[in-house]
Amino acid sequence: MKVQQNSPRRPRTIVTGAAVRVGRATAAEFARRGHDVVLAVRKIDAIAESSLDFVRKSAHDAGHPDAKIELRAANLDDPIAVVALAATFASEPLDVIVHCASRYDARAIGEIDAEYALSHYRTNALAPLLLTQALRGQLSQSILPAGGSVVCFTDMHAEGRMYTNHAAYFASKGALIALVESLAVELAPSIRVNGIAPGVVEWPVGADPEFQARYIARTPLKRAGTAIEAAQCAAWLAIEASFMTGAILRLDGGRWLTT
């Protein structure tokens, strides 16, 4: 889909967790599609600056050298910082938010304290809620033909394929799935809200090779996904899928279908 004719500006997208992995690829994908992109990162450091350069180059190489690509920093584990981040957009246009930022740590039952669990919830569910809530006015004025859009990265395993040592993480992602469905109802018809439930699209750093082999063996397509595939899925949901809201789209190579 193209932007509305005679629009005085480019579409504008915020991507959280944009310094690395799927977030970085997603920011680049929207830049390639001609969007101005804000990379929301935890801190502005060499990694974030490298991602900024990568996204700018992606826009340039796709024929959009004038696209505005920028960094903004906020610790999404801190609700006050999330609200402050949203306030920086108070007088600025916005069309899409993609919530990629995620905390993913392992801790067994018996070792989980309240702060550990709450930190997962704050980053993985509360931050998307607060940021979307604060920016709903701008999203409702989107120049995209399909209207404003929010895309949240959930987790296929949070829908009934949990594994051990990640109870706090899965609880937070389950909350995010409920948030997608709740916001889809509350923000319609001017804003669509959808989720992507990936299996493995990029292995975490230090992932055990034997675990990787077992996981791939149980995946019908016999491979992990890629960050680019996840990014393309996010862009499709945000821009093209005009009759989809409240959907959780699995991107898992068929892993959900196996035990």
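The values are calculated or read from the model by the stated rules, or taken from the named source; none is laboratory data. Note that the structure is predicted; figures quoted are calculated from it, not measured. Note: ideal-geometry Cβ built from the backbone for every residue, glycine included; neighbour counts use all protein chains shown.
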Given the condition in contact (Cβ under 8 Å) with a residue 60 or more places away in the chain and in contact with a Phe, Trp or Tyr (Cβ under 8 Å, 6 or more places away or on another chain), answer yes or no: does some residue in region 147-157 qualify?
yes
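Take TYR121 and tell me if it is touching a helix residue (DSSP H, G or I) at 6+ places or on another chain (Cβ under 9 Å), under 19 Å from THR154 (Cα atoms), at pLDDT below 95 and surrounded by 12 or more Cβ atoms within 10 Å (Cβ to Cβ).
Taking the combined requirement at face value, the residue does not satisfy it.
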Filter region 95-138 down to the residues that are in contact with a Pro (Cβ under 9 Å, 6 or more places away or on another chain) and closer than 20 Å to ASP36 by Cβ and list them by number.
ASP95, VAL96, ILE97, HIS99, ALA101, GLN138
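Say we look at region 94-118 and pick out the residues that are among the acidic types (Asp, Glu) and within 21 Å of the chain's Cα centre (by Cα); which of these is surrounded by the fewest Cβ atoms within 10 Å (Cβ to Cβ)?
Filtering region 94-118 for residues among the acidic types (Asp, Glu) gives 95, 105, 111, 113, 115.
Next, only the ones that are within 21 Å of the chain's Cα centre (by Cα) stay: 95, 105.
Working: ASP95: 27, ASP105: 11.
Top of the filtered list is ASP105.
Kindly check whether there is at least one residue in region 193-208 that is over 20 Å from VAL22 (Cβ atoms) and modelled with pLDDT under 95. I'd like the intermediate steps shown before the answer.
As a first pass, look at region 193-208 and keep what is over 20 Å from VAL22 (Cβ atoms): 208.
The next check asks that each one be modelled with pLDDT under 95; those that pass are 208.
Yes, there is a match, as at least one residue in region 193-208 is over 20 Å from VAL22 (Cβ atoms) and modelled with pLDDT under 95.
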For region 11-29, check the following and say yes or no: at least one residue is more than 24 Å from THR226 (Cα to Cα) and over 16 Å from the mean Cα position of the chain (by Cα).
yes
Please verify whether ASP113 is acidic (Asp, Glu) and either free of Cβ contacts under 8 Å to residues at least 40 places away in the same chain or touching a strand residue (DSSP E or B) at 6+ places or on another chain (Cβ under 9 Å) (or both), treating the condition exactly as stated.
yes
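Being of a type in the set (Phe, Trp, Tyr), under 15 Å from the mean Cα position of the chain (by Cα) and not in a helix (DSSP H, G or I), is that true of even one residue in region 151-163?
Start the filter on region 151-163 by keeping residues that are of a type in the set (Phe, Trp, Tyr), which leaves 153, 163.
Checking the rest, the ones that are also under 15 Å from the mean Cα position of the chain (by Cα) come to 153.
Imposing the further condition that a residue be not in a helix (DSSP H, G or I) reduces the set to 153.
Checking region 151-163: at least one residue is of a type in the set (Phe, Trp, Tyr), under 15 Å from the mean Cα position of the chain (by Cα) and not in a helix (DSSP H, G or I).
Which is touching a residue at least 24 places away in the same chain (Cβ under 8 Å) and either under 18 Å from the mean Cα position of the chain (by Cα) or not in a helix (DSSP H, G or I) (or both), of SER91, SER7, SER58? Step through it out loud before you land on a result.
Values: SER91 fails: touching a residue at least 24 places away in the same chain (Cβ under 8 Å); SER58 fails: either under 18 Å from the mean Cα position of the chain (by Cα) or not in a helix (DSSP H, G or I) (or both).
Exactly one of SER91, SER7, SER58 is touching a residue at least 24 places away in the same chain (Cβ under 8 Å) and either under 18 Å from the mean Cα position of the chain (by Cα) or not in a helix (DSSP H, G or I) (or both), namely SER7.
Each row is one residue, and each column tells you yes or no for (1) loosely packed, with under 15 Cβ neighbours inside 10 Å; (2) of a type in the set (Phe, Trp, Tyr); (3) touching a Lys or Arg at 6+ places or on another chain (Cβ under 9 Å); (4) under 21 Å from HIS120 (Cβ atoms).
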position	(1), (2), (3), (4)
ASP155	no, no, yes, yes
ARG161	no, no, yes, yes
ALA175	no, no, no, yes
PRO189	yes, no, no, no
ARG192	no, no, no, no
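Just one of LEU126, LEU135 is out of contact with any Leu (no Cβ under 6 Å at 6 or more places or on another chain) and either more than 17 Å from ASP78 (Cβ to Cβ) or not in a loop (DSSP other than H, G, I, E, B) (or both); which is it?
Going through LEU126, LEU135 in turn, the sole match is LEU126.
Hey, can you tell me all the residues within region 141-150 that are assigned to a loop (DSSP other than H, G, I, E, B) and over 16 Å from ARG9 (Cα atoms)?
If the condition is that a residue be assigned to a loop (DSSP other than H, G, I, E, B) and over 16 Å from ARG9 (Cα atoms), then ALA146 is the only one that fits.
Residue-wise test of (1) of a type outside the set (A, V, I, L, M, F, W, C); (2) crowded, with 20+ Cβ neighbours inside 10 Å; (3) on the phi > 0 side of the Ramachandran plot.
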| residue | (1), (2), (3) |
| --- | --- |
| PRO8 | yes, no, no |
| PRO11 | yes, yes, no |
| VAL15 | no, yes, no |
| ALA25 | no, yes, no |
| GLU29 | yes, yes, no |
| LEU39 | no, yes, no |
| SER50 | yes, no, no |
| SER58 | yes, yes, no |
| GLY63 | yes, no, yes |
